[in-house]
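To start, the structure itself, in C-alpha cells.
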Amino acid sequence: MKILDALNEQANFELESAYIYLGMSGYLADQDMNGMKHFMDMQAKEELEHAGKMIHFLQEVGYSVKYRSLNPGEADYSSILDVFEKAYAHEKVVTSNINKLVDLAREEDDKRVQSLLKWYVDEQVEEESNFASLITQLGRAGENWGALYQLDHAMGHRG
Ligand code: OFO
C-alpha cells in the first residue's frame, strides 16, 4: 500500500503548491498587477481543490491522512515573467509526480487510485498549457506596459 502513502505526500504537495502560489500572488500585488494577482489566487484555490480531492479519496478508503509543514517557496521574484516561469516549472514537477503515482498504482495494481489519477493526468495538460501560453504572451509584451496592463485586465477575469 505504498501508493496511499505516496498519494498522501502528493496531497501535501498540492497544499504546498497553493502556499507557493499565494506567495506569487503577494509579489504580483506588490507590483500592482491586480488581475494577475487574482489569477494566481484562483490558481491557489484550485490547488486546494486538487489536495481536497486526494484527501477525500484517502479518507474514503480508510487511510489516516497525515499533514507535514509546508515550504513557502521563494520569498522574492525578479520580475513578473520570473513568477510565471517558476509557476510553469512547478507545474512540470507536479506532472512528473502524478506520472510517478500512475506508475506506482499500476505496479500495485490499485485500480481505485488509477481511476482517481486519470483526472489529474488530464488536469496537468491544461495547467501546463495555461502557464506556457502566459509565458509566451508575457514574452511578447516585454516592457510594453500597455500590453502588460491589457494582459493584467484579461487575467482578472479568471473564474
Ligand atoms: Fe495541482 O498542481 Fe497545479 O495543477
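Converting phi to 3J(HN,Hα) with the Karplus coefficients 6.51, -1.76 and 1.60 and the offset θ = phi - 60°, region 74-84 yields 5, 8, 9, 10, 8, 6, 5, 4, 4, 4, 6 Hz in sequence order, with x at every glycine or proline.
Running a GNM on the chain with Cα contacts under 10 Å, which residue among 74, 128, 47 ends up with the highest mean-square fluctuation? For the chain, modelled as a Gaussian network with Cα springs under 10 Å, the answer is 74. For region 91-133, the mean projected area of the C-alpha convex hull, equal to one quarter of the hull surface, is 2.5 nm².
Can you check what the Kirkwood hydrodynamic radius comes to for region 56-110, Cα pairs only, in Å to one decimal?
Kirkwood hydrodynamic radius for region 56-110: 14.3 Å.
Shown in residue order for region 118-128 are the 3J(HN,Hα) couplings computed by the Karplus curve 6.51 cos²θ - 1.76 cosθ + 1.60 at θ = phi - 60°: 4, 4, 5, 4, 5, 4, 5, 4, 5, 4, 5 Hz (x for Gly and Pro). So for region 79-157, averaging the separation of alpha carbon pairs under 8 Å that are six or more residues apart and normalising by length, what relative contact order in percent results? Relative CO of region 79-157 lands at 37 percent. The trypsin sites (Lys or Arg not before Pro) found in region 1-98 that occupy coil by DSSP, while having at most 13 further C-beta atoms within 10 Å, are 66, 68. The GNM of the chain, with springs linking C-alpha atoms under 10 angstrom apart, assigns the highest mean-square fluctuation among 69, 17, 96 to 69.
Have a look at 46, 60, 127 and tell me which one the Gaussian network model of the chain (Cα, springs below 10 Å) gives the largest fluctuation. Top of the fluctuation ranking is 60. Across all directions, the average projected area of the convex hull around the alpha carbons of region 27-88 is 5.1 nm².
Extension gain, residue 154 to residue 128: 0.36 nm times the residue separation minus the Cα-Cα distance gives 7.5 nm. For the chain, the C-alpha radius of gyration divided by 2.2 N^0.38 Å, with N the number of residues, is 1.13. Counted residue by residue at 0.36 nm each, then reduced by the alpha carbon distance between them, the extension gain from residue 82 to residue 121 reaches 11.5 nm.
On the basis of the beta-carbon distance and an R0 of 30 Å, residue 29 and residue 66 show a calculated FRET efficiency of 0.40. So how far, in whole Å, is the C-alpha centre of region 1-42 from the one of region 55-74? Cα centres, region 1-42 to region 55-74: 15 Å. Counted by Cβ distance under 13 Å from residue 65, the other residues give a net charge of -1, where Lys and Arg count +1 and Asp and Glu count -1.
Every number in this text was worked out from the coordinates using simple rules, so none of it is lab data. Just so it is clear, the model here is predicted, and its values are computed rather than measured. Note: ideal-geometry Cβ built from the backbone for every residue, glycine included; neighbour counts use all protein chains shown.
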